[in-house]
Amino acid sequence: MGLISKNEWRLDVILFRSQLFQSLGSANQAIKNGKIFINGKVCLNAYHLLSVGTIISLCPKFFLTFIKTLDKKVSESMQNTLSVANHFHVDYK
């Protein structure tokens, strides 16, 4: 894991640092409520250590709610150009 602290590889920290959630607490809540998937499987452990190539995705219903919330935050002029994937790739090189 190199020079990056083990804590930086935790699922909750990755979700927070990627700015998907405004706090570690909200990231933890989504994880504990089964809204986050790791490589296609529900992960209920906020302290799950990720590795390079891990795919993080959101529960489809949660994703739609997440996008609606995000749309409200985006200005009217930006709504037509907003394109968000339902997963992301973390690469700490």
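Only residues of the range 16-48 count here: report those whose backbone N is under 19 Å from the spot 7 Å along Cα→Cβ of I55, or say none.
Those under the cut-off are 35-44.
Once fully extended, how much extra length lies between Y47 and Q29, figured as 0.36 nm per residue of separation less the alpha-carbon to alpha-carbon distance?
This chain segment gains 5.3 nm when fully extended.
Please compute the length gained on full extension between K6 and I67, using 0.36 nm multiplied by the number of residues separating them and subtracting their Cα-Cα distance.
Between K6 and I67, full extension yields an extra 19.0 nm.
Readers should treat all values here as calculations from the given coordinates under stated rules, not as data from a laboratory. What you are looking at is a predicted structure, and each value in this text was computed from that prediction instead of being measured. Glycine gets a Cβ as well: all are built from the backbone with ideal geometry, and neighbour counts include every protein chain shown.
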